[in-house]
Amino acid sequence: MIGLADCNNFFVSCERVFQPALQGRPVIVLSNNDGCAVALSNEAKALGFKRGDPYFKIRTECDRHGVAVLSGNHRLYSDMSDRVMATLRALSSGDTEVYSVDEAFIDLDPGLGDLGEYGRYVVDTVRRHTGIPISLGIANTKTLAKVAARFAKKYAGYAGACLMDTPYKVEKALDMTPIGDVWGIGRRHRVKLCDRGINTALQFASLEADAVRRMMGITGLRTWQELHGEAVIRQELTPPERQTLTASRSFARDIYSSEEMRQAMSAFASIVGRKLRERKLMAEELTVFLATNRFHDQAPQYFNSVSVHLPEATDYTPAIAHAAATAMESIYRDGYGYKKAGITLSRLVDTRHRQLNLFTDTKTDAKRRRLMEAVDRINSASASERDRVRIASMGDGLTDLTRREHDSRLYTTRLVDIIEVNTELS
């Protein structure tokens with residue numbers, strides 16, 4: 001059997017682990033630069049707030065309802081995700097597939113006994129070890145496990161774990177599941193199916209296989225087969241190879257200076273360079289984009305991007321920064337206020353399979369590699385969020401261009417932020 005473990009309101013739950021006063025309160029976690037709501041507690045959803053709401057539009061309502069508003073603390077969330085996944089791996093009877101930062105598929109052997117009871121044990125153990133509440137759906141395919149996890153989250157009577165192990169349970173669950181909530185049914189197909197009167201997962205599963213293939217192709221047929229209990233979606237035990245890497249930001253204020261934009265490009269280059277080295281990849285192509293603030297209706301608008309082919313595949317931050325700055329200068333126009341910019345690296349190759357050119361200086365290449373290894377080692381040990389060692393062209397990087405007015409602490413990854421316990425008796 002397959003279990004789908006889904007962390008409940010994950011970003012909010014991470015904050016509540018270290019701030020118990022947030023329990024029972026409406027909580028909203030904001031996106032980059034405190035732009036919009038990306039995660040909401042059940043209490044905030046009940047007040048009518050929605051994911052994607054721009055914060056400047058809901059700020060007054062948040063104050064009126066006493067909503068706790070927090071800037072996204074993704075270093076904390078990533079570390080807490082690692083802890084949840086490690087616990088799930090220990091509880092799985094086989095392989096574990098990390099599907100996203102807050103979801104994972106785990107193998108559950110029927111030899112474990114009553115899988116409903118074991119599922120509740122998994123839920124309780126994850127909560128006890130990490131503080132994060134999860135919902136666990138158990139079925140014999142990944143798509144059905146997703147359906148079961150939805151019921152585990154929605155109905156308290158399941159105590160966090162829903163087991164769908166009989167045709168009756170599956171049929172009842174599919175009848176209660178809107179077609180748009182089925183994993184693998186995107187918006188376009190949902191609209192097409194609803195137009196034909198197919199509004200539930202059970203109605204979809206009742207179609208003939210040939211009709212599904214004609215309407216939705218092989219992808220739709222696989223979803224149909226999974227709903228019939230045939231496991232055809234294979235496990236991805238290793239992440240698929242990345243095709244691109246991106247670093248971008250919406251700035252806290254509009255940028256009118258090319259020098260500030262060059263600093264931002266260098267900061268982006270540092271981010272993507274580190275990501276490349278972590279994944280043992282190199283990039284052959286770089287794309288830079290600039291965009292003005294679309295919310296400033298009266299201001300002149302401008303968007304442009306440019307792609308450049310790098311002389312050779314590289315993960316060397318200064319080389320990436322130089323290429324990004326040169327590309328940026330080619331499309332930068334004075335007189336505009338730029339709200340968003342970024343770098344995307346593409347044509348990524350495995351470091352081991354890198355193709356050198358005729359003029360590659362192997363000695364210099366080896367020195368650069370050792371330099372980047374040293375820089376990454378120093379920065380990974382840094383107690384602050386800012387890099388201790390960075391290229392000079394970064395200046396202060398994105399510090400002055402980032403808004404984080406509702407920051408929480410890095411409770412698990414920065415020593416100065418760990419929880420302090422007062423042991424003095426009053």
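The values are calculated or read from the model by the stated rules, or taken from the named source; none is laboratory data. The shown structure was predicted, so the numbers you read here are calculated from the model rather than taken from an experiment. Cβ coordinates were reconstructed from backbone atoms using ideal geometry, including for glycine residues, and neighbour counts include every protein chain displayed. Each accessible area value is taken on the protein alone, full model and side chains, heavy atoms only, with ligands, DNA and RNA left out. Shrake-Rupley method; radii C 1.70, N 1.55, O 1.52, S 1.80 Å.
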For SER71, list long-range residues whose amide hydrogen, built 1.01 Å from N in the peptide plane, is under 5 Å from its own amide hydrogen. LEU30, HIS406, ASP407, SER408
One finds the C-alpha centres of the range 106-136 and the range 27-91 to be spaced, in Å, by 25 Å
Just from its helices, what would the mean residue ellipticity at 222 nm be for the chain, if runs of 4 or more DSSP H residues each count -39500 (n - 2.57) and the sum is divided by every residue, rounded to the nearest 500 deg cm²/dmol? -12500 deg cm²/dmol
For the range 154-217 and the range 266-310, what is the separation of their C-alpha centers, rounded to whole Å? 39 Å
Quick one: 3J(HN,Hα) in Hz for the range 200-210, Karplus 6.51/-1.76/1.60 with θ = phi - 60°, rounded, Gly and Pro as x. 10, 4, 5, 4, 5, 5, 7, 5, 6, 4, 4
Residue of GLU15, GLU230, GLU103 that the Gaussian network model of the chain assigns the largest fluctuation, springs spanning Cα pairs under 10 Å: GLU230
State which entries of LYS50/LYS339; LYS57/LYS280; LYS280/LYS340 exceed 32 angstrom in Cα-Cα distance in the structure shown. LYS57/LYS280
Using DSSP loop states and a limit of at most 12 other Cβ atoms within 10 Å to flag chymotrypsin sites (Phe, Trp or Tyr not before Pro), what is the longest stretch of the chain containing no flagged site? 1-154
What full-extension length gain, to one decimal in nm, is calculated for ASP407 and SER257 as 0.36 nm per residue of separation minus the Cα-Cα distance? 51.2 nm
The chain - accessible surface per residue (Å², probe 1.4 Å): 53 Å²
Keeping the other protein chains in place, figure out the carbon and sulfur percent of the accessible area of the chain, with a 1.4 Å probe. 50 percent
Largest fluctuation, LEU193, LEU112, LEU202 only, Gaussian network model of the chain with Cα springs under 10 angstrom, belongs to LEU112
Which one of ASP376, ASP82, ASP210 has the biggest mean-square fluctuation once the chain is modelled by GNM with Cα springs under 10 Å? ASP210
For ILE233, enumerate residues with amide H under 5 Å from its amide H, sequence gap 5+ or separate chain, H modeled in the peptide plane. LYS142
Space enclosed by the convex hull of the alpha-carbon atoms of the chain, per residue, Å³: 206 Å³
Which shape class, rounded, prolate or oblate, goes with the range 245-394 when its Cα gyration tensor gives a ≥ b ≥ c as root eigenvalues, a/c under 1.5 marks rounded, and past that a/b bigger than b/c marks prolate? prolate
By the Cα gyration tensor axes a ≥ b ≥ c (a/c under 1.5 gives rounded; else a/b larger than b/c gives prolate, otherwise oblate), the shape of the range 166-241 is oblate
Can you work out the Karplus-derived ³J(HN,Hα) for every residue in the range 159-165? Use 6.51 cos²θ - 1.76 cosθ + 1.60 with θ = phi - 60°, whole Hz, and x for glycine or proline. 6, x, 9, 10, 9, 10, 10
Spatially proximal lysines relative to LYS192 (Cα-Cα < 25 Å; intrachain offsets below 8 disregarded): LYS142, LYS146, LYS172
Assuming 0.36 nm per residue, please report the length gained on full extension of the stretch LYS50 to GLU278 beyond their Cα-Cα distance. 78.6 nm
To the nearest 0.05, the calculated FRET efficiency linking ASP365 and GLU420 through their beta-carbon distance, R0 being 30 Å, is 0.05
Would you kindly derive the ³J(HN,Hα) couplings of the range 77-91 from the backbone phi angles with the Karplus curve 6.51 cos²θ - 1.76 cosθ + 1.60 (θ = phi - 60°), listing them in order in whole Hz, with x for Gly and Pro? 5, 5, 5, 5, 4, 4, 5, 5, 5, 5, 5, 5, 4, 5, 9
So what does GLU61 come to for accessible area, using a 1.4 Å probe and Å² rounded to 10? 70 Å²
